[in-house]
Amino acid sequence: MRTFLRIGTYCLAMTLMSATVAQADDLWNGTWVLDPAACTYKPGKVRKSDTRVYTVTGDKIHLSADVEFADGKKIHIEFDAAYDGKDYQVKGNPKVQTIAIERIDEYRSKATTKRNGKITAVGNRVISKDGDTMTVSNSGTDEDGVQYNDVLVFHRSK
C-alpha cells in the first residue's frame with residue numbers, strides 16, 4: 001500500500017511540475033514593450049507606446065495591453081484565448097471583436113481578428129531565438145475601411 005501511495009504521489013508531483021515547466025517555458029509569457037523606432041506602418045495608425053502582458057498557462061493565453069497612439073488616443077485591450085484557432089472575445093479594441101490564435105511552433109503564432117464576423121486582420125507573431133524580441137506583422141483593414149500592413153517590434157521587459 002505504501003509503495004502504491006509513493007508512486008501515486010510521485011506521478012501527481014511530476015504532473016504538477018510539468019504543467020509549471022510548460023508555463024514557464026512558453027516564450028509569450030511576460031511583459032513586452034513596443035520599440036516605436038523599429039516599427040513600420042503602411043499606412044496604419046502609429047503607436048506612441050504599447051505594453052503587452054501575456055500570461056500563458058498550458059494552452060490558454062491571457063493578454064492585457066495598454067496602447068497609446070501618436071494622436072494621443074489610448075485603449076486598453078484584454079482577451080482570454082487558446083491556441084486552438086477558435087474565436088474568442090476581445091475587449092477594448094474598436095476594430096476587433098474576436099481573435100483566433102494558432103501556434104505554429106514555440107517561436108511563431110498566427111492570430112486572426114474579426115469584427116461582425118468579417119476578418120479585420122491577420123497577424124504573425126515571431127519571437128527571436130534569444131527570446132528577447134517579438135515581431136508582430138499585421139495585415140488588415142482598419143475601422144475606417146483602410147487597408148494596412150504594420151510591423152510592430154517589442155522587447156521583453158526584464
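The values are calculated or read from the model by the stated rules, or taken from the named source; none is laboratory data. Just so you know, these numbers come straight off a predicted model, no measurement behind them. Cβ placement follows ideal geometry from the backbone for every residue including glycine, while neighbour counts extend to all protein chains displayed. Accessible surface areas use protein heavy atoms only, side chains included; no ligands, DNA or RNA. Shrake-Rupley method; radii C 1.70, N 1.55, O 1.52, S 1.80 Å.
Structure data summary
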quantity: Label-point separation in nm, residue 157 to residue 144, each point 7 Å along Cα→Cβ; calculated: 3.0 nm
quantity: The stretch 80-158 - accessible surface per residue (Å², probe 1.4 Å); calculated: 54 Å²
quantity: DSSP-assigned coil residues among GluC sites (Glu not before Pro) in the stretch 83-158, each with at most 14 further Cβ atoms within 10 Å; calculated: 106, 143
quantity: Peptides 68-74, 118-124 ordered by average Cβ neighbours within 10 Å, highest first; calculated: 118-124, 68-74
quantity: Greater than 29 Å apart at Cα, pairs in 74/129; 48/110; 48/114; calculated: 74/129
quantity: Cα shape, the stretch 67-158, gyration tensor, a/c 1.5 rule; calculated: oblate
quantity: Derived scalar couplings ³J(HN,Hα) [the stretch 44-51; Karplus, 6.51 cos²θ - 1.76 cosθ + 1.60; whole Hz; x for Gly, Pro]; calculated: x, 9, 5, 9, 7, 8, 7, 10
quantity: Per-residue ³J(HN,Hα) for the stretch 106-116, Karplus 6.51 cos²θ - 1.76 cosθ + 1.60, θ = phi - 60°, Hz, x for Gly and Pro; calculated: 5, 9, 10, 8, 10, 10, 10, 10, 9, 9, 6
